[in-house]
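Taking it in order: structure first as structure tokens, then the write-up.
The values are calculated or read from the model by the stated rules, or taken from the named source; none is laboratory data. Keep in mind the model is a prediction, meaning the values are calculated, not measured. Here the Cβ is made from the backbone with ideal geometry for all residues, glycine too, and neighbour counts use every protein chain on show.
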Amino acid sequence: MIMELPNKFRMRYAEVINGELLIYENVRFEDLMYELTYATKNHRCYYCDKKLRKETRTIDHAYPRDAGGISIVNNLFPSCSPCNSEKGNLTRDEYFHFLKLRPKEQKQYRKEVLENRNYIFHERGFVLPKKWFTMVDVWSIDYQLASTELRGKRYHRILEFHNKYHRLPRPVILDKNMRLLDGYNCVLFARDHCLPEIPAIILENVSLI
Ligand SMILES: [Zn+2]
């Protein structure tokens with residue numbers, strides 16, 4: 001998929017040139033995505049349109065983290081803190097629907113949505129548009145083992161999720177050359193458990209240099 005990018009972006013560790021994001025250093029991917037989101041999108045809350053101040057602005061995941069919502073610009077929207085916390089783990093579309101309901105119906109609606117998530121987790125592991133991701137051969141992913149190879153908390157959350165649903169909780173994120181940008185623990189988990197293919201989002205306009 002093509003990631004939304006600002007026309008101009010230049011940092012020590014990454015820059016946008018001719019519509020392509022070049023990443024030069026091993027920067028924390030999510031931090032870079034937040035910087036890019038603020039540079040790409042306007043400075044109003046996506047949900048209530050209130051003007052955002054730098055000190056109090058937050059970033060919302062349109063597809064929430066709990067449902068596999070990865071941190072890439074297309075999934076990130078500046079928002080005020082009250083909207084962000086009220087939205088919680090609803091998706092953007094679910095939240096817009098929620099806002100039209102009366103308070104009593106809202107509670108019920110949120111409950112139903114979250115119950116329905118279990119079915120989706122069993123079926124495909126996460127809630128993201130199908131056109132965003134593709135299945136890739138684990139061994140075709142180019143990545144470097146961390147110097148201290150950790151199988152820590154994140155790894156164990158994947159393990160628990162996989163034990164329960166037999167799926168991975170989110171896709172990994174790759175650049176156009178199949179180099180790993182985010183999802184180290186998922187790759188590690190897949191290799192440990194001999195999963196031949198895993199879901200991945202391939203960002204066609206991003207290169208790790
Ligand atoms: Zn708001």
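Annotation note: of Leu36, Leu21, Leu5, the sole residue that is in contact with a strand residue (DSSP E or B) (Cβ under 8 Å, 6 or more places away or on another chain), buried (at least 17 other Cβ atoms within 10 Å of the Cβ) and assigned to a strand (DSSP E or B) is Leu21.
Just one residue in the set Leu180, Leu128 is at pLDDT 95 or above, within 30 Å of Val113 (Cβ to Cβ) and not basic (Lys, Arg); that residue is Leu128.
The conditions of being touching a Ser or Thr at 6+ places or on another chain (Cβ under 7 Å) and surrounded by 11 or more Cβ atoms within 10 Å (Cβ to Cβ) are met by Asp175. Apart from one condition, Tyr95 fits all of (1) of a type in the set (Ser, Thr, Tyr); (2) touching a residue at least 40 places away in the same chain (Cβ under 8 Å); (3) in a loop (DSSP other than H, G, I, E, B); the exception is (3). Residue check: is Tyr47 touching a helix residue (DSSP H, G or I) at 6+ places or on another chain (Cβ under 9 Å) and either of a type in the set (Asp, Glu) or more than 25 Å from Arg28 (Cβ to Cβ) (or both)? Taking the combined requirement at face value, the residue satisfies it. Does segment 97-118 include one or more residues that are surrounded by 12 or more Cβ atoms within 10 Å (Cβ to Cβ), among the basic types (Lys, Arg) and assigned by TED's automatic domain parsing to the domain that holds Lys176? No, segment 97-118 contains no residue that is surrounded by 12 or more Cβ atoms within 10 Å (Cβ to Cβ), among the basic types (Lys, Arg) and assigned by TED's automatic domain parsing to the domain that holds Lys176. Do you know which of the residues in segment 8-18 that are assigned to a loop (DSSP other than H, G, I, E, B) and touching a helix residue (DSSP H, G or I) at 6+ places or on another chain (Cβ under 9 Å) is nearest to the ligand (Cβ to nearest atom)? Restricting to residues being assigned to a loop (DSSP other than H, G, I, E, B) and touching a helix residue (DSSP H, G or I) at 6+ places or on another chain (Cβ under 9 Å), the top hit is Phe9. Within segment 141-154, not a single residue is in the same structural domain as Gly68 (by TED's automatic domain parsing) and in contact (Cβ under 8 Å) with a residue 40 or more places away in the chain. Of the residues screened, Asn84 is not one that is assigned to a loop (DSSP other than H, G, I, E, B) and either without any contact (Cβ under 8 Å) to a residue 40 or more places away in the chain or out of contact with any helix residue (DSSP H, G or I) (no Cβ under 8 Å at 6 or more places or on another chain) (or both).
Any residue at all in segment 77-85 that's within 22 Å of Glu197 (Cα to Cα) and either away from the ligand (no atom under 14 Å from the Cβ) or of a type outside the set (Phe, Trp, Tyr) (or both)? No: segment 77-85 contains no residue that is within 22 Å of Glu197 (Cα to Cα) and either away from the ligand (no atom under 14 Å from the Cβ) or of a type outside the set (Phe, Trp, Tyr) (or both). Of all residues in segment 164-185, none satisfies being part of a helix (DSSP H, G or I), under 12 Å from Ser140 (Cβ atoms), under 17 Å from the mean Cα position of the chain (by Cα) and not assigned by TED's automatic domain parsing to the domain that holds Gly69.
Of the residues making up segment 45-63, those that are surrounded by 12 or more Cβ atoms within 10 Å (Cβ to Cβ) and either aromatic (Phe, Trp, Tyr) or closer than 20 Å to Thr91 by Cβ (or both) are Cys45, Tyr46, Tyr47, Cys48, Thr58, Ile59, Asp60, His61, Ala62, Tyr63.
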